[in-house]
């Protein structure tokens, strides 16, 4: 049984194979998962991730049990995570879970009879976001994930997408990371071998290949406001790309959306393609 709990569960060979299949199929509708049922179990709000898994599952002919507001489920009555997981694993063939607590996906995997896919646990990891983030870089960087200058800005303390992406990109040769945040929101995981920390984005923009922008997570107690100006974004190299896991608050002006370097809506489309292949592999 294949659980996807962390980026550590995703080997490079697995990712390359998944990405190559995603490029070939591009979300092709099929019946590979006909008769299979996925439970979307979201203890936190979600638009893109829950909808992306829903779209991916139905594109492959499967069905989805959507639990996107746990206040209307038995969880609101005090049911434990373990009991909820055992209940839903009796009704479905895999469970996608997002939870407020670190380690919740691993807890779920200990009792589940079906594969668990971590869609974000607290401020821990978000491995399927990293699959599509890595795919975005792979597609727009000549199918390479090495020799990159990656600048990450925002709530790096609580940003699970950042933590998972750094974990992945740190596997590859000669990648340099710029961490940009105020001191109270500094990157809280082990730092990679090549890095630079600053609270001034202007120090590193002109020397950036990948700009990964994140919002400040007020729901986790973070307090800070920032937004990048068009002048700052225009100072990026012409071959660089700008990414954002969304939701966007005011970090990137909408005016920049038409710029060829803006790839965050590609990320969303790629999420469906990648999750479709992932589900086909996990459920086959």
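Taken together, the values in this text are just the output of simple stated rules run on the coordinates, not laboratory data. Worth saying up front: this structure is predicted, and the values here are computed from it rather than measured. Cβ: placed from backbone, ideal geometry, glycine included. Neighbour counts: every protein chain shown.
General observations
- Cα convex hull of the chain - mean projected area over all directions, nm²: 14.2 nm²
- Ordering of 197-204, 54-61 by packing [mean C-beta count within 10 Å, highest first]: 54-61, 197-204
- Nitroxide proxy distance, nm - points 7 Å out along Cα→Cβ at residue 146 and residue 269: 3.0 nm
- Axis of helix 264-283 versus longest Cα principal axis of the chain: the two differ by about 30°, to the nearest ten degrees.
- Our estimate of slack between residue 2 and residue 225, defined as 0.36 nm per intervening residue step minus the Cα-Cα distance, is 76.3 nm.
- Summarising the label geometry, the points placed 7 Å from Cα in the beta-carbon direction at residue 69 and residue 188 lie 3.0 nm from one another.
- Computed E for residue 90/residue 110 - FRET, C-beta separation, R0 22 angstrom, nearest 0.05: 0.85
- Take every Cα pair under 8 Å whose residues are at least 6 apart in sequence, average their separation, divide by the length of the range 128-267, and the relative contact order is 24 percent.
- Report note on the peptides 225-235, 127-137, 93-103: ranked by the mean count of other C-beta atoms within 10 Å, highest first, their order is 127-137, 93-103, 225-235.
- If the convex hull is drawn through the Cα atoms of the range 137-207, its volume per residue in Å³: 87 Å³
- For the range 128-267, alpha-carbon Rg over 2.2 N^0.38 Å: 0.95
- Estimated FRET transfer efficiency when R0 is 25 angstrom, pair residue 172-residue 234 (beta carbons, to 0.05): 0.30
- Computed lengthening from residue 254 to residue 29, 0.36 nm per intervening residue step minus Cα-Cα distance: 77.8 nm
- Global form of the range 54-136, assessed from the alpha-carbon gyration tensor, a/c cut-off 1.5: oblate
- Point-to-point label distance, residue 14-residue 195, nm (Cα→Cβ direction, 7 Å offset): 2.4 nm
- Peptide packing: for 109-117, 19-27, the average count of neighbouring Cβ atoms within 10 Å per residue gives the ranking 109-117, 19-27, highest mean first.
- Between helix 12-25 and the chain there is an angle of about 80 degrees, using the helix long axis and the longest principal axis of the Cα atoms.
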